[in-house]
Amino acid sequence: MAAPLDMEPSVLSLELLPTDPLLLILSFLDYRDLMSCCYLSRRLNQLSSHDPLWKRHCKKYWLISEEEKSQRNQTWKALFISTYSDLGRYIRYYATLKKAWDDLEKYLGQRCPRMIGSLKESVREEDLDGVEAQIGCKLPDDYRCSFRIHNGQKLVVPGLMGSMALSNHYRSEDLLDIDTAAGGFQQRPGLKQCLPLTFCIHTGLSQYMALESVEGRNKYEIFYQCPDQMARNPSAIDMFITGTSYLEWFTSYVNKVVTGGYPIIRDQIFSFPFCRYVHDKECVATTGDITVSVSTSFLPELSSVHPPHYFFTYRIRIEMSKDALPEKACQLDSRYWRITNAKGDVEEVQGPGVVGEFPIISPGRVYEYTSCTTFSTTSGYMEGYYTFHCLYYKDKFFNVTIPRFHMVCPTFKVSTARMVSADAEPNHNEYAVDEDEDSTDTDEYEDRRRVLDIPAPSGRCPRHT
């Protein structure tokens, strides 16, 4: 029988709704909405205080573990609120940066333990405020957040941001603590309102972060300075860009370190944020039982935009298959390079050995070395072959292909001081350079050579002693 038309439907009260479905709904809310529910009604206040609801937010935003919760003897909600009261302004960045630091510390603890001791404890919020007052500029929140986790590094060798050796050129970059960085804050023309992030005690060079959009830089852009050697104005400083923000700059470096993108040699990270050895999967060639692979890297501190001089290093790995027959053991006699710049100009170079050595390759063994080359153009490529002789059949010689590998200068910006003087000099856009010289092979220079699982060679060829 139909209900009377004058009957009103019953109102479903929030107080009458079952608890479990409500808790399920609340579990999908962000921390802001969950906190707002505390002020809507007594029932929602009770439900939103259900401690398991805050566990997800503690883990998501503050990376608080069960063990840490037990040590601090607080509820999940109390943990979230107390942490938010201290670090709330960094909630967008904290989890990402904390994970990066945790991953880096774990990795270094296993492979570079002495470097852990160079890391400084976190700074207080008032310390960062004091630095802002001192330099008269606001620090970006991602930078501040990182220093609430670790206050950079002591000025030591090896540097946290990596090392590189190349003949008599050595570099080891430290991540500066906040006070040292503030002391190096720049207001001089060419580097106005720039804060150093790193420092190399060998070269005196730093990577800088622009705290304002001045002199052609974007706010928070990170770069290596590169003086314009062709300009009369000392404030004419070109820039090789290394990052668009502190978060991107730091986390990309850490990711490269912990994924094995940078080699660990003698307890040092052999690379630094910009000199990334890039390995193209296509830069591999196999000739018989020998495989040659190449990784490349750009060195900003040895490069310049004016005059155009772009310095690259390359790491070459030569490996013989472990399944090769013992009689396939051989020794490298010479190298041949064909070097082509961006204009199509070709230079050919031949010479004995590699970096002054004549490595022996046998089944399962690896030889690696690092050398360098320069281009006057912003890109170029190299290819060639090695000539080996067999140790068992000394009259047998053969060539091993070196795959073609490309080198490309990364993003750079020319000095605004140079661009302003357009009436005296040709106008250059952001990527324009004069390209009027050939490349130079510098294979005689050595960064670091590693021989894996075999005795170090004498450096002299037995056939010519």
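The values are calculated or read from the model by the stated rules, or taken from the named source; none is laboratory data. Bear in mind the structure is a predicted one, so any value in this text is a computation, not a measurement. No Cβ is skipped: glycine too gets one built from the backbone with ideal geometry, and neighbour counts run over all protein chains shown. Please note that ligands, DNA and RNA were not included when accessible areas were found on the heavy atoms of the full protein model with its side chains. Shrake-Rupley method; radii C 1.70, N 1.55, O 1.52, S 1.80 Å.
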* Restricting attention to the range 82-91, does a residue exist that is open to solvent by 60 Å² or more (accessible area, probe 1.4 Å) and either farther than 23 Å from Pro140 by Cα or small (Gly, Ala, Ser) (or both)? -> yes
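Identify the residue in the range 38-50 that is part of a helix (DSSP H, G or I) and over 14 Å from Phe80 (Cβ atoms) and, among all such residues, is most open to solvent (accessible area, probe 1.4 Å).
Arg42
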* Asked: Mind checking whether some residue in the range 29-48 is within 30 Å of Tyr246 (Cα to Cα) and among the small types (Gly, Ala, Ser)?
  -> no
* **Top-ranked residue in the range 113-148 [being closer than 18 Å to Ile222 by Cβ and charged (D, E, K, R); ranked as surrounded by the fewest Cβ atoms within 10 Å (Cβ to Cβ)]** => Lys138
* Selection count where residues are buried (at least 18 other Cβ atoms within 10 Å of the Cβ) and aliphatic (A, V, I, L, M), scope the range 57-80 -> 2
* To do: May I ask you to list the residues in the range 186-221 that are in contact with an Asp or Glu (Cβ under 7 Å, 6 or more places away or on another chain), under 18 Å from Val131 (Cβ atoms) and part of a loop (DSSP other than H, G, I, E, B)?
  => Lys192, Gln193, Lys219
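Can you pull out the residues in the range 51-65 that are in contact (Cβ under 8 Å) with a residue 12 or more places away in the chain and assigned to a helix (DSSP H, G or I)?
Within the range 51-65, Pro52, Leu53, Trp54, Lys55, Arg56, His57, Cys58, Lys60, Tyr61, Trp62 meet the criteria.
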* **Inter-residue pairs, beta-carbon under 6 Å, first within 18 Å of Leu53 (Cβ to Cβ) and in the range 72-91, second part of a loop (DSSP other than H, G, I, E, B), 6+ apart** => Thr75/Asp51; Trp76/Asp51; Lys77/Asp51; Leu79/Ile64
* Structure fact -> Within the range 304-317, residues closer than 24 Å to Ala231 by Cα and surrounded by fewer than 21 Cβ atoms within 10 Å (Cβ to Cβ) come out as Ser304, His306, Pro307, Pro308, His309
* Among the numbered conditions (1) of a type outside the set (Gly, Ala, Ser); (2) crowded, with 21+ Cβ neighbours inside 10 Å; (3) within 25 Å of the chain's Cα centre (by Cα), tell me where Phe298 comes up short. => (2)
* Structure fact -> Within the range 282-292, residues buried (at least 18 other Cβ atoms within 10 Å of the Cβ) and within 30 Å of Phe223 (Cα to Cα) come out as Cys283
* Asked: Which residue pairs have Cβ atoms under 9 Å apart, sit 6 or more places apart or on different chains, and have a first residue in the range 243-258 that is in a loop (DSSP other than H, G, I, E, B) and a second that is open to solvent by less than 10 Å² (accessible area, probe 1.4 Å) and of a type in the set (A, V, I, L, M, F, W, C)?
  -> Thr244/Ile222; Ser245/Met209; Ser245/Ile222
* **Number of the exception - Gln110 against (1) out of contact with any helix residue (DSSP H, G or I) (no Cβ under 6 Å at 6 or more places or on another chain); (2) surrounded by 15 or more Cβ atoms within 10 Å (Cβ to Cβ); (3) not charged (D, E, K, R)** => (2)
